[in-house]
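What follows is a short report on a single structure.
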Amino acid sequence: MVAAANAGILDGQAIVDLNYEEDKLVAVDFNLVATEDGDFVEVQGSGEEATFAGSQLDEMLALGRNGISALIDAQRAVLARIMVTPPENPL
């Protein structure tokens, strides 16, 4: 299973799951796509209005991974409700 999350730096604080207004205002924009096993599919980040520190990158990465984990849990719950079993990971 795969999910995606976005994070950013707004007013010096790392945030995740940005709404439209927050996305327009962030100084740093960070997008993360990963599998249920935590393997990355895509990582993209840029300082839209400012540079960012390694510690902020680590914070956005952690928030993004937690968001992805929550989304995968939600996907599994929906699939279980409709009685669909996701395919086994072929890797």
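The values are calculated or read from the model by the stated rules, or taken from the named source; none is laboratory data. No experiment lies behind these values; they were computed from the predicted model shown. When we count neighbours, we look across all protein chains shown, and the Cβ atoms used for this are built from the backbone with ideal geometry, even at glycine. These area figures cover heavy atoms from the full protein model, side chains too; ligands, DNA and RNA do not enter into them. Shrake-Rupley method; radii C 1.70, N 1.55, O 1.52, S 1.80 Å.
Couple of notes before you dig in:
- Taken over region 1-34, the criterion of being under 11 Å from the mean Cα position of the chain (by Cα) and over 15 Å from Ser46 (Cβ atoms) is satisfied by Val2, Ala3, Ala4, Ala5, Ile15, Val16, Asp17, Val33, Ala34.
- Taken over region 14-29, the residue count meeting the criterion of being touching a helix residue (DSSP H, G or I) at 6+ places or on another chain (Cβ under 7 Å) and over 13 Å from Glu59 (Cα atoms) is 1.
- Beta carbons closer than 9 Å, at least 6 apart along the sequence or on distinct chains, pair a first residue in region 15-44 that is more than 27 Å from Pro87 (Cβ to Cβ) and β-branched (Val, Ile, Thr) with a second that is part of a loop (DSSP other than H, G, I, E, B) and open to solvent by less than 90 Å² (accessible area, probe 1.4 Å) for Ile15/Val26; Val26/Leu18; Val28/Ala50; Val28/Phe52.
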